[in-house]
Amino acid sequence: MKQLSTKHLLGIKNLKKEDINLIFETADHFKEVINRPIKKVPSLRDITIANLFFENSTRTKLSFELAEKRLSADIINFSASQSSVKKGETLIDTVNNILSMKVDIVVMRHPNVGASVFLSKHVDAKIINAGDGAHEHPTQALLDSYSIREKLGTVKGKKIVIIGDILHSRVALSNIFALQLQGATVKVCGPTTLIPKYISSLGVQVETNLKKALDWCDVANVLRVQHERMDIKYFPSIREYTQLFGINKEILDSLGKKIVIMHPGPINRGVEITSNVADSDQSIILNQVENGVAIRMAVIYLLAQQIKK
């Protein structure tokens, strides 16, 4: 049986193209499983998974939990806001306590960049990065690419524009790595204050005119403005942001072609995207949610295959 070339899923930049193909093939199988009347498989009956969320998360946490339950794993849920972390316990203490419960896989979201890498060097469990600061969010990028492949047949040769708050987004960076690895061309679009200086070094072009970006692309992946990560004002007002970078039906209808609309969620309806775009036949936002469970099942399953019981 084929195996991943990596022991953990810490970021897309640690993956090879073959790894992505293997994850997608495995997700194809699990997608068929989750559409059956009985949606569970006994694949991971002897595996214990700890979900460690040091940052608030609804969609990602639910998606991982559902994926783990579909695979019949045992689950421990840990939320930092209700834990001893509040009392000053370190990351290593917390994890050692959880590992003493004989955990095989840790799914972790953490506000600090590199937290999952740090963890992988200190504990004897498989680590899946569910988002570290504004750095990477690998499973989101995988499900985004998988959804493009499902809609357009392939990712190779496609033109993808990522629109919005690139500076504070872990989704953007992981998507850039994943899309380029599969042979897509990537541009970013947004206010210059929300585009990181290093972006051109990744082989990504910057387009500050929304209409030009949409005219160019096959797929637009729309990100929300992450106010919770901002300590200064990056643009004059929400209203101005929406006028310059918000996607509405009028702009889409003016393109003369149909592009695919994506959004990793949560959506600020009426800010970066209007409801009639988010809910239109050009949007694959709900497909992304469904594919998230299949992709996370695939990643967990493939890492679990490396565990010697």
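Points to keep in mind about this one:
- Candidates SER63, SER57: the one that is in contact with a Gly (Cβ under 7 Å, 6 or more places away or on another chain), outside the structural domain of TYR146 (by TED's automatic domain parsing) and touching a residue at least 40 places away in the same chain (Cβ under 8 Å) is SER63.
- Residues located in the stretch 160-193, provided they are buried (at least 22 other Cβ atoms within 10 Å of the Cβ), assigned to a helix (DSSP H, G or I) and not hydroxyl-bearing (Ser, Thr, Tyr): ARG170, VAL171, ALA172, LEU173, ASN175, ILE176, ALA178, LEU179
- Any hit, the stretch 70-84, residues being in a helix (DSSP H, G or I) and within 24 Å of GLN306 (Cα to Cα): yes
- Residue that is farther than 27 Å from ILE148 by Cα, at pLDDT 90 or above and aliphatic (A, V, I, L, M), where the choices are ALA80, ALA67, ALA73: ALA73
- The stretch 1-17 residues that are under 13 Å from SER116 (Cα atoms), paired with ones that are hydroxyl-bearing (Ser, Thr, Tyr) and in a loop (DSSP other than H, G, I, E, B) (beta carbon under 8 Å, 6 or more apart): ASN14/THR6
The values are calculated or read from the model by the stated rules, or taken from the named source; none is laboratory data. The structure displayed is predicted, hence computed values, not measured ones. Cβ sites come from the backbone with ideal geometry, for glycine too, and all protein chains shown count toward neighbours.
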